[in-house]
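Trainee: Handing you a structure now.
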Amino acid sequence: LPPFDPRDPLGLDDLLSPEEKAVRDTVRRWAADRILPHIAEWYERGELPGIRELARELGALGALGMQLKGHGCAGASAVQYGLVCLELEAADSGVRSLVSVQGSLAMYAIHRFGSDEQRERWLPGMAKGETIGCFGLTEPDHGSDPGGMRTYAKRDGGDWVLTGRKMWITNGSVAGVAVVWARTDEGIRGFLVPAGSPGFSAPEIRHKWSLRASVTSELVLDEVRLPADAVLPGASGLRGPLSCLNHARYGIVWGALGAARASFEAALDYACAREQFGRPIGGFQLTQAKLADMALELHKGILLAHHLGRRMDAGTLRPEQVSFGKLNNVREAIGICRTARTILGANGISLEYPVMRHATNLESVLTYEGTVEMHQLVLGKALTGVDAFR
Ligand code: TGC
Ligand code: FAD
């Protein structure tokens, strides 16, 4: 029998092809080199310095819009994309967020719903990380209920004129292009708003206690005049943005487990080294119970992510199944991080160790891309046939 590996107790590596392992290992090395040595300092400062350079490096790795085909995108599998999300979030959720929003939200929207001209104009530079994108759906008064959005676009001759506000928008202040969803006379439509458009600004939101190494912004649209071809021709109705969310939520199904894995491994190492009452705390039954339960949920989560990834690659993944994965894996991941924190005792609250940073990051991940409650209601509706949202 192969030996038991505490870092892969179920032997889940066997599920991966050599190519998938190569992608994973490349990104893991990049994160170890470029993110891990600095992340505690960046987190404390509440910044992601060098974000443009990091984006270009991620582009060179093929991580931006990596599942998309053509226009300079890597055309990778869903499982490869998932592995990249996991490795990036094992470093920090902020870096995974940068990649999720760029690839799964902004680029995906343009790739799926854009015209040929829009794809050619934006996607090659975005795949290289030369242009950063953001995705503006949430508003100050409409988060879980984006269908109630107030931002509106009205036609004026051949132009569109956009007015409104978006809130909590990842990458907003550094984006060269914002995908903005707005109400029109024809229902909800998506618009490509280049940075620098008169009337458009993206002030950064400060004083966050989560996702501190991530740029989060407000988008202000004050009669922003755009040409007729700024609208995404293929998207009409809430189905457009929600389709993009399926893709980003799928990445989070994997990503959250990266934060959990890093916290589990920190706790395991600590439990084996730290002594109290004359022996390693990992020798106490209560600590072992915690470690065993953490390992169960971490690796069950990875199995679930694999299953959903194979379904996505086969074209059979349903949105309800994405909700299943996002709800389960983020909720279990934050539980693992919180338990890891208890094993580290006082050190658990220090930025010297990654667990508190991961736990506080996951507070955002629990909320964005659909809160726990939204995914419970999606599943509740699928199970019972009754819509309990309103
Ligand atoms: P409802 O009436 O159910 O649906 C309206 C239309 O949309 C279709 N639809 C979907 N299509 C594709 N994928 C899905 N998952 C879909 N869910 C619904 C539906 O079939 C319908 O189409 P049609 O053609 O019949 O009109 O809509 P509702 O108003 O009842 O809302 C449903 C609900 C609550 C599930 C939805 O609004 C929702 O998911 N709310 C949560 C909002 C959310 O997740 N926001 C995320 C913003 S982006 C973000 O957080 C980025 S953070 C990223 C990072 O930094 O990593
Ligand atoms: P609300 O919708 O006000 O919800 C508050 C609480 O009420 C939640 O617990 C919710 O589950 C509950 N609730 C609401 N309705 C119901 C109901 N019917 N039944 C039961 N409970 C209910 N958005 C973007 O568009 N783009 C981004 O790039 C982006 N990045 C983000 C980055 C960060 C760091 C954060 C924190 C958020 C980001 N968001 C982004 C916004 C995010 O998607 C929203 O915060 C999320 O959808 C929830 O909306 P809300 O905060 O307005 O909460």
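Trainee: Kirkwood Rh, the range 266-368, all Cα pairs: how many Å?
Mentor: Answer for the range 266-368: a Kirkwood hydrodynamic radius of 15.0 Å.
Trainee: Nearest 0.05, what FRET efficiency do GLU53 and ILE205 give at R0 = 25 Å with Cβ-Cβ as r?
Mentor: Plugging the Cβ-Cβ distance into 1/(1 + (r/R0)^6) gives 0.65.
Trainee: Could you derive backbone 3J(HN,Hα) for the range 162-172 from the dihedral phi with the Karplus parameters 6.51, -1.76 and 1.60 (θ = phi - 60°), listing whole Hz in sequence and x where the residue is Gly or Pro?
Mentor: Running phi through 6.51 cos²θ - 1.76 cosθ + 1.60 with θ = phi - 60° gives 9, 9, x, 9, 10, 9, 6, 9, 4, 6, x Hz.
Trainee: Need the full-extension length gain, ASP25 to ARG310, defined as separation in residues times 0.36 nm minus the C-alpha distance. One decimal, nm.
Mentor: Length gained, ASP25 through ARG310: 100.6 nm.
Trainee: Now for a separate question. Kirkwood-based Rg over Rh for the range 183-323 (C-alpha set), two decimals?
Mentor: We get a ratio of 1.16 for the range 183-323.
Trainee: Specify the angular offset, from 0 to 90 degrees and rounded to the nearest 10, of the alpha carbon long axis of helix 239-273 from the longest principal axis of the alpha carbons in the chain.
Mentor: Value to nearest ten degrees: 20.
Trainee: Suppose R0 equals 56 Å; then what is the FRET efficiency for ASP159 and PHE277 from their Cβ-Cβ distance, rounded to the nearest 0.05?
Mentor: For R0 = 56 Å, the calculated efficiency reads 0.15.
Trainee: If I histogram all Cα-Cα distances within the range 255-297 using bins 10 Å wide from 0, what percent of pairs lands in each bin?
Mentor: So the P(r) values, bin by bin, are 29, 51, 17, 2.
Trainee: Beyond 14 Å, what share of the Cα-Cα pairs of the range 7-88 remains, rounded to the nearest whole percent?
Mentor: Here the tail beyond 14 Å accounts for 68 percent of pairs.
Trainee: Next question. Expressed as an acute angle from 0 to 90° and rounded to the nearest 10, what is the orientation of the C-alpha long axis of helix 78-91 relative to the principal long axis of the chain?
Mentor: Computed tilt is about 70 degrees.
Trainee: Relative to the longest principal axis of the chain, what angle (0 to 90°, nearest 10) does the C-alpha long axis of helix 319-343 take?
Mentor: Helix 319-343 and the main axis of the chain meet at about 40 degrees.
Trainee: Now a separate question. Could you give the length gained by full extension between ASP293 and GLU373, i.e. 0.36 nm per residue of separation minus their alpha carbon distance, to one decimal place?
Mentor: 26.4 nm
Trainee: Could you check which residue among ASN347, ASN246, ASN329 shows the biggest mean-square fluctuation in a GNM of the chain with a 10 Å Cα cutoff?
Mentor: Fluctuation is largest for ASN347.
Trainee: Something else now. Would you compute the Debye intensity of the chain from its alpha-carbon atoms alone, equal scatterers and no solvent, and pass along log10 I(q)/I(0) at q = 0.06, 0.11, 0.13 Å⁻¹ to two decimals?
Mentor: The Debye formula, applied to the Cα set alone, gives -0.23, -0.76, -1.05.
Trainee: Also, I was wondering about something else. Beyond 13 Å, how much of the Cα-Cα pair distribution for the range 37-77 remains, as a whole percent?
Mentor: Within the range 37-77, distances greater than 13 Å cover 61 percent of Cα pairs.
Trainee: Can you tell me the relative contact order of the chain? Whole percent, Cα pairs under 8 Å, sequence separation 6 or more.
Mentor: Reported relative contact order: 17 percent.
Trainee: Turning to a different aspect of this structure: To the nearest 20 debye, what charge dipole does the chain have about its Cα centre, counting +1 at the Cβ of each Lys and Arg and -1 at the Cβ of each Asp and Glu?
Mentor: In debye, rounded to 20, the chain gives about 380.
None of the figures in this text is laboratory data; all of them are computed from the coordinates on show. Quick caveat, the model's predicted, so the values are computed rather than measured. Every residue, glycine as well, gets a Cβ built from its backbone with ideal geometry; the counts of neighbours run over all protein chains shown.
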